[in-house]
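Read-outs: derived from the displayed coordinates by stated rules, not from any lab. None of these values were measured; they are calculated from a predicted model. Don't worry about glycine lacking a Cβ; one is built from the backbone with ideal geometry, like all the others, and counts go over all protein chains shown.
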Amino acid sequence: MAETQIQQSDAGSSYDAVIVGAGFAGLYMLHRLKRQGLQARIFEAGSGVGGTWFWNRYPGARCDIPSVEYSYQFSDELQQEWEWSEKYATQAEILKYANHVAERFDLFGDIQFNTKVEQSAYDDEQRLWRVTLSNAEQVTAQYVIMATGCLSVPNFPKIKGLEDFSGNVYHTGLWPHEGVDLTGKRVGVIGTGSSAIQSIPIIADQAQSVTVFQRTPNYSVPARNAPLDPEFVADIKSRYQEYRAQNWQRGFGADFRDSERSALEVSEAEREAEYEERWAKGGLAFLAAFADLPFDDAANATARDFIAAKIADAVDDPELAKKLTPDTPVGCKRLCVDTNYYQTFNRDDVTLVDLREHPLQAVTATSVKTASAEYEVDCLILATGFDAMTGAVTQVDIRGSGGQSLQDKWQEGPRAYLGLATAGFPNLFLITGPGSPSVLSNMLPSIEQHVEWVSDCIAYLNGHQFAAIEAQADAEDAWVEHVNETAELSIYPNCNSWYLGANVEGKKRVFMPYLGVPPYVEKCREVVANNYEGFSLVQLSPH
Ligand code: NA7
């Protein structure tokens, strides 16, 4: 089985392209480049394909975008033939899909598993990348494509004494593949983001007790997950291309049934009816109930009040309900999608510890200590998220023209032109990099859009005798400024989210994704139509 193979590359191999990561971005990138007749190879740290879905195997892990949308659209045969079983696919089913795609398009032979890319240095003279792997081999490539994912490097907070804990410590983003039996265990969960919200109700069913350490409460809407209705699937499949095309016109690139109305222009009764309808249907579409929810505090406050009332309904103890209710705008931190999250706190064996009231002081061999109490636990689950958007790129020692380090360049926040490339680093591409809609969109279509842009660009360069492409610094500056200006118009800068890198100690606070799928896609098209406007193209030297 390809998942467990350890392959060796020939020492000193040279490729047209090295792709870092075998998640959905890397797989499609490899497929495109192979189809163009190029020699491309993926290096992947894990022992199988799937990227974030390979690692995030915590109980209850599933996608928060409906499965009929969180899937590739580049192959109509694939999207017609593949059968998703539930409205929101489980991690296991998504991983099965990734493996199916890799097999179907004959990709496994060009993926080297269990191999990390440690360094990538640009040789200005030869115009190629020298890539050093974790097995100390070096390979070269004309292009390097960072298909490293936005949520792939786990965030391990510095908690005093954590290393002294005598029980097992698990991170949701690195969950043991064989699973974890929590039966009879007193489990401590640190964090209340999406991973915690998905897993806590399931852990509570198994464990002897669960103590949840909450620093910041989160909004969550019910998933209303269910097996997929065959009639619904048949309908989507009968018009799949049209359905996908419609979604490209929507702000988040997903079928959130975007409204054009303001929350403040309708009567209170109409507003409540709209929220109720979306709450009953479930999912992230709640966020698109009114067009101004992401932009206007007063509009957003109506959604806040609505969810606060729902939390109060779900949780028996009013004091506890209050602790579980956020005071930030809805959607400012990524909205979560759950099954019975708030209700789980009605159980006698589930305890919420509010770390804002009682700060976490230390972990001991057997407990978690706050300023006012000590909680004995047998194991600890860190549901503490990721070094999002940039972590996987900057953990590779990338050296561009003249030896410039990308880590240094991004010290004050990531700078990338369209989230696709960064000045000073020729022939280096980022898939769904900072400055592209990425995590503020349906990731799979956004991945496909980037992969197609990059592979078309490579075909253009090769077809026109260009040796290299590089983002221009002024175009990059203008784009970064535009990303920030757009964010400033929204509610997103108003809380401590991972969109801003605020969850990682010492990380510069900069809003990283770009808000607005349709204008972004249009801009990418325009850049190409204007002969790669904002990029410098370098001709091959004559022989
Ligand atoms: P998130 O959403 O980043 O959640 C991480 C949680 O961990 C969040 O509640 C954090 O609180 C908490 N955290 C982080 N560090 C600490 C420390 N030091 N002490 C206490 N609590 C801490 O990650 P997820 O894995 O849940 O979800 C990530 C995305 O994956 C999600 O949005 C989906 O798109 C899929 P904080 O809010 O920072 O105060």
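Relative contact order for the chain: what is it in percent, counting Cα pairs under 8 Å that are at least 6 residues apart? Intermediate results must be reported in sequence, preceding the final value.
Numbers: 1111 pairs, mean separation 102.0, N = 543.
Dividing the mean separation by the residue count of the chain yields 19 percent.
Treat each spin label as a single point 7 Å out from the Cα along the C-beta direction, and report the residue 248 to residue 405 distance in nm.
With each label placed 7 Å out from Cα toward Cβ, I get 4.1 nm.
Please report the spacing between the Cα centers of segment 39-91 and segment 92-122 in Å, no decimals.
Taking the Cα centre of each part, segment 39-91 and segment 92-122 sit 12 Å apart.
For segment 162-382, calculate the relative contact order in percent as a whole number, restricting contacts to Cα pairs under 8 Å that are 6 or more residues apart.
Values: 350 pairs, mean separation 78.5, N = 221.
The normalised contact order for segment 162-382 reaches 36 percent.
Among all cysteines in the chain, which have no other cysteine Cβ under 4.7 Å from their own Cβ?
For the chain, the answer is 63, 150, 336, 379, 457, 524, because their Cβ atoms have no other cysteine Cβ under 4.7 Å.
Taking amide H atoms as placed 1.01 Å from N in the peptide plane, list the residues 5 or more away in sequence, or in a different chain, whose amide H sits under 5 Å from that of residue 210.
Counting only residues 5 or more places away or on other chains, the set is 187, 350, 351.
By how many nm would the segment from residue 74 to residue 126 lengthen if fully extended, with 0.36 nm per residue of separation less the alpha-carbon distance?
Numbers: separation 52, 0.36 × 52 = 18.72 nm, distance 3.45 nm.
Gain on stretching residue 74 to residue 126: 15.3 nm.
Once the other residues with Cβ under 13 Å from the Cβ of residue 186 are scored (Lys, Arg +1; Asp, Glu -1), what is the net sum?
Details: positive: 185; negative: 349, 374, 376, 378.
For residues surrounding residue 186, the net value is -3.
Provide 192, 325, 364 in ascending order of the number of other Cβ atoms located within 10 Å of each residue's Cβ, fewest first.
Details: 192 24, 325 19, 364 16.
Ascending Cβ contact count within 10 Å gives the list 364, 325, 192.
Measure out, as a whole number of angstrom, how far apart the alpha-carbon centroids of segment 149-217 and segment 471-490 sit.
37 Å
Given the DSSP H assignment, sum -39500 (n - 2.57) over each helix run of at least 4 residues in the chain and divide by its residue total; what's the result at 222 nm in deg cm²/dmol, nearest 500? Walk me through the numbers on the way to the answer.
On the way: 16 runs with 167 residues, N = 543.
It lands at -9000 deg cm²/dmol.
Could you work out the longest stretch of the chain that avoids the GluC sites (Glu not before Pro) located in DSSP loops with at most 16 other Cβ atoms within 10 Å?
Working: sites that count: 83, 125, 178, 260, 265, 357, 412, 505, 533.
Longest stretch, sites excluded: 413-504.
What FRET efficiency do you get for residue 100 and residue 135 if R0 is 25 Å and r is their Cβ-Cβ distance, rounded to the nearest 0.05?
Working: r = 28 Å, r/R0 = 1.14.
After rounding, the FRET efficiency stands at 0.30.
Give me the net charge for the shell around residue 123: Cβ to Cβ below 12 angstrom, other residues only, Lys and Arg +1, Asp and Glu -1. Spell out each step's value before the answer.
On the way: positive: 127, 130, 399; negative: 124, 125.
The answer is +1.
Per residue of segment 44-49, in order, report the coupling 6.51 cos²θ - 1.76 cosθ + 1.60 (Karplus, θ = phi - 60°) as ³J(HN,Hα) in whole Hz, putting x for Gly and Pro.
So the J values, rounded to whole Hz, are 10, 5, x, 9, x, 7.
Would you mind putting 281-294, 390-403 in packing order, based on average other-beta-carbon counts within 10 Å, highest first? All intermediate terms of the calculation are to be shown ahead of the outcome.
Working: 281-294: 21.2, 390-403: 19.1.
The most tightly packed comes first, giving 281-294, 390-403.
If we count every other residue with Cβ under 13 angstrom of residue 170's Cβ, Lys/Arg +1 and Asp/Glu -1, where does the sum land?
Working: positive: 57, 185; negative: 178, 181, 378.
Neighbour charge sum, excluding residue 170 itself: -1.
Please give the length that would be gained between residue 397 and residue 489 if that part of the chain were fully extended, namely 0.36 nm times their separation in residues minus their C-alpha to C-alpha distance (nm, one decimal). Don't skip to the end; give the middle numbers.
Working: separation 92, 0.36 × 92 = 33.12 nm, distance 3.45 nm.
29.7 nm is the gain from fully extending residue 397 to residue 489.
Between residue 351 and residue 317, what is the spin-label point distance in nm, taking each point 7 Å from the Cα along the Cα→C-beta axis?
Placing both labels 7 Å along Cα→Cβ, they lie 1.0 nm apart.
Cα axis of helix 443-463 to longest principal axis of the chain: angle in degrees, 0 to 90, nearest 10?
In the chain, helix 443-463 runs at an angle near 10 degrees to the longest axis.
Using DSSP, restrict attention to beta bridges with both residues in the chain and report what percent are antiparallel, rounded to the nearest 5. Let's see the in-between values first.
Details: 26 of 66 bridges.
Counting only bridges with both partners in the chain, antiparallel ones make up about 40 percent.
Label points 7 Å out from Cα along the Cβ direction at residue 86 and residue 269: separation in nm?
Modelled inter-label distance: 3.9 nm.
For residue 523, which aspartates and glutamates qualify as cross-link partners when the Cα separation must be under 12 Å and same-chain residues fewer than eight apart are set aside?
Reachable aspartates and glutamates: 533.
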